[in-house]
Amino acid sequence: MTGIGELLRLMAKSCRGRNRHARNTLKEHGLLTIVDNTFLTPYLQQPLNLGADIVIHSATKYLGGHSDVLAGLVVTKAPALSKQIGYLQNALSPILAPEAANLARRGNETLSLRMDREQENALAIAQHLEAC
């Protein structure tokens with residue numbers, strides 16, 4: 001499933017039907033598809049592979065994992081967009097200090113373990129509630 005913003009509305013991961021139509025409509029009008037992948041993380045979903053133009057992540061939440069770093073990132077695979085984003089990054093200076101970058105790196109080392117455990121726990125809760 002694809003998480004959509006803060007409302008966490010879900011839509012099919014496949015790009016069939018309505019999702020494909022919406023993306024094509026955006027492209028026809030020269031608009032970009034931007035996905036906030038904060039909650040699913042790159043471990044569970046890779047929106048660029050699903051047709052998104054830009055993906056944003058909050059490294060403060062799941063990627064950092066310990067709530068001790070304030071960071072985020074913007075990802076794209078289009079060279080022209082990367083160049084534009086790089087220009088803004090350089091102009092606005094939102095660059096992590098070395099210690100903050102190290103904290104984010106540390107959080108990424110345990111991302112798969114944390115995401116797997118979270119899914120196991122959510123399934124156990126759902127099964128328990130279903131049995132009640």
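The values are calculated or read from the model by the stated rules, or taken from the named source; none is laboratory data. All values derive from a computational prediction rather than experimental measurement. A quick note on method: Cβ atoms are made from the backbone with ideal geometry, for glycine too, and the neighbour counts reach across all protein chains shown.
Listed values, structure above:
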{"quantity": "Members of region 94-123 that are at pLDDT 90 or above and not in a helix (DSSP H, G or I)", "calculated": "ALA97, THR110"}
{"quantity": "Whichever residue in region 43-93 is exposed (fewer than 11 other Cβ atoms within 10 Å of the Cβ) and assigned to a loop (DSSP other than H, G, I, E, B) and, among such residues, is nearest to the chain's Cα centre (by Cα)", "calculated": "SER67"}
{"quantity": "Residue list for region 58-80, filter: aliphatic (A, V, I, L, M) and in contact (Cβ under 8 Å) with a residue 40 or more places away in the chain", "calculated": "ALA59, LEU63"}
{"quantity": "Qualifying positions in region 108-118 - in contact (Cβ under 8 Å) with a residue 40 or more places away in the chain and either over 17 Å from VAL69 (Cβ atoms) or over 19 Å from the mean Cα position of the chain (by Cα) (or both)", "calculated": "SER112, MET115"}
{"quantity": "Sole exception among (1) without any contact (Cβ under 8 Å) to a residue 12 or more places away in the chain; (2) touching a strand residue (DSSP E or B) at 6+ places or on another chain (Cβ under 6 Å) for ARG105, by number", "calculated": "(2)"}
{"quantity": "Test result for TYR87, hydroxyl-bearing (Ser, Thr, Tyr) and touching a residue at least 12 places away in the same chain (Cβ under 8 Å)", "calculated": "no"}
{"quantity": "Residue identified as outside any helix (DSSP H, G or I), in contact with a Leu (Cβ under 8 Å, 6 or more places away or on another chain) and farther than 25 Å from LEU96 by Cα among LEU32, LEU26", "calculated": "LEU32"}
